[in-house]
Amino acid sequence: MTDRWVIHLPITAPDLHRARIFARTAARVLARLSARVEPGGVTVSAEDQQNVRHWVFCDRLLPGGSRCALPVDHTSPCSRCAPWLNRR
């Protein structure tokens, strides 16, 4: 038996764009609550095609071993942290 469990939380959205926005938001909020959240592994799928998954985060490997935290379709250079999260 494993010591790790994966939570599958079906949440619906009206389209792929809004599903990705919601998934990014949920992953970032949950990551602040627990170090066990892996945002790079977040995907979304159509309800009737759950085997066809769409990535939410870029997750490219960056120098130094960290991962890109920007949305999968970003046009700016990859970054370890989303710029809008650094605003205070």
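The values are calculated or read from the model by the stated rules, or taken from the named source; none is laboratory data. Computed from a predicted structure; not experimentally measured. When we count neighbours, we look across all protein chains shown, and the Cβ atoms used for this are built from the backbone with ideal geometry, even at glycine.
Quick notes
- Taking the conditions (1) in contact with an Asp or Glu (Cβ under 7 Å, 6 or more places away or on another chain); (2) under 12 Å from Pro71 (Cβ atoms) in turn, Thr12 satisfies each one other than (2).
- Region 12-57, subset in a loop (DSSP other than H, G, I, E, B) and touching a strand residue (DSSP E or B) at 6+ places or on another chain (Cβ under 9 Å), residue surrounded by the fewest Cβ atoms within 10 Å (Cβ to Cβ): Ala13
- Annotation for region 62-72: at least one member residue is modelled with pLDDT of 85 or more and part of a strand (DSSP E or B).
- Top-ranked residue in region 10-60 [being among the hydrophobic types (A, V, I, L, M, F, W, C) and more than 23 Å from Asp73 (Cα to Cα); ranked as modelled with the lowest pLDDT]: Ala35
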